[in-house]
Every structure is written in structure tokens, then in C-alpha cells.
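Reading through the C-alpha cells given below for one structure.
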Amino acid sequence: MEKGEKVKSIVVDAGGRIVGRTKLQKIAYLLEEAGEGDGFYFDYHHYGPYSEELSNAISIAVMNGDIDEEERVANWGGHYSIYTTSSSSTQSNDVRQRLVHKAAEANAVVLELAATAVYFASRGEDDPWHETEVRKPDKAAEERLEEAKRLYEALRCISDKLPAIETKTG
């Protein structure tokens, strides 16, 4: 499968629509960690796990017409993209589709926090949730971090291939 088609398959599995570049990145990352991904390599960047290769594949998918990208201005003045496709044919398995759909429905910041904790867990960090909180203090307010933990547990119920992340206490 070509790179653009890989991106299209993620958007299709989300029900044909994903709002936000960051969200698309985090969904693709979680798919990799669950063994359901397309072989994209991720490093840690400001918004958590990020793949330059995926970013390029998104551009290819848009140029090839595999997906549509609509750029909008956010309330705070920044920009975001909405990725859509009218295609509904998918060759993905049920686990992948359910993971993508659940992640696509999640709050973008909550998803970012969960994916970041997974990134740290997969690299052997002792307390991934704490490291996430330290790295993202503006986003990781207690309520949001708890919501990220709940989201991640829901994702783990879909795929037990995602790493277990224990919460350390005091």
C-alpha cells in the first residue's frame, strides 16, 4: 500500500473524518503501538509522538486526492485541518477500526496526553503519566490527565497489545 493510501485508510477507519493534524498523528502512533499501524516511525516532539514520514504521507494523500484537507482558523487564531474522504471501503480489521474510531472521537488534548504517556511507557519511563504531566504542564491539568487515563484504558480494552501503564502514587 502506498503512503497516501495508508493515510486514507486511517481516515476511512475513523468514519471518513478526522479533525486536526495532531489527532491524525496520535491515532497513527497508537496504531503502531497496538501492532495495527502502517510502519510509520515516530519521535518525540512538542505535541508528543510525531512522524515526519506520516506528515509527508498526509501531503501525498491530499495531492493524490486520496483524502481532502480543509484548513480552518481556530478560535484562538491558529490553524487546523479537517481530513475527509468519501470512500467507505476498508480492508482493516475490527480492532484497528475500533481503535481509530475511539481515538478520533476523543478530545484532541486528551488524546495527545494519552499518546504521550504511551510513548514514554514504550521507552521504559518509570512513571509515564508523571513524565507526561511534567512535559505538558499547561495541558495536563488533573482533570484532563484523568480523562486521558480513562481514554487509554478504553483503548486498551479494544487492544491488549497496547502497553499497560501503571499509575504511580505518592
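Table for the structure above
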{"item": "Under 18 Å from the Cα of Lys149 - lysines, other chains or at least 8 residues apart", "result": "Lys23, Lys26, Lys102, Lys136, Lys139, Lys161, Lys168"}
{"item": "Percent of C-alpha pairs per 5 Å bin, the range 32-75, short to long", "result": "5, 18, 19, 21, 22, 12, 3, 0"}
{"item": "Accessible area per residue, Å², the range 47-170 with all protein chains present, probe 1.4 Å", "result": "57"}
{"item": "log10 of Debye I(q)/I(0), alpha-carbon scatterers only, for the chain at 0.11, 0.13 Å⁻¹", "result": "-0.42, -0.59"}
{"item": "MRE, 222 nm, helices only [DSSP H, n ≥ 4, -39500 (n - 2.57), over the chain, to nearest 500]", "result": "-16500 deg cm²/dmol"}
{"item": "Exposed trypsin sites (Lys or Arg not before Pro) absent: longest stretch of the chain, with sites in DSSP loops and at most 16 other Cβ within 10 Å deemed exposed", "result": "1-122"}
{"item": "0 to 90° range, to nearest 10: angle between helix 108-122 axis and the chain longest Cα axis", "result": "70"}
{"item": "Restricting the range 65-170 to GluC sites (Glu not before Pro) in coil, as DSSP defines it, with at most 12 other Cβ within 10 Å", "result": "Glu166"}
{"item": "Separation of alpha-carbon centers, the range 1-79 and the range 114-168, rounded to whole Å", "result": "20"}
{"item": "Tyr80 - accessible surface, heavy atoms, 1.4 Å probe, Å² rounded to 10", "result": "70"}
{"item": "Per residue Cα convex hull volume in Å³ - calculated over the range 1-78", "result": "98"}
{"item": "Apportionment of accessible area to carbon and sulfur, the range 90-170, percent (1.4 Å)", "result": "42"}
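The values are calculated or read from the model by the stated rules, or taken from the named source; none is laboratory data. These numbers were taken from a predicted model, which means no experiment stands behind them. All Cβ positions, glycine included, derive from the backbone under ideal geometry; neighbour counts span all protein chains shown. Note: accessible area is taken over every heavy atom of the protein model, side chains too, but ligands, DNA and RNA are not part of it. Shrake-Rupley method; radii C 1.70, N 1.55, O 1.52, S 1.80 Å.
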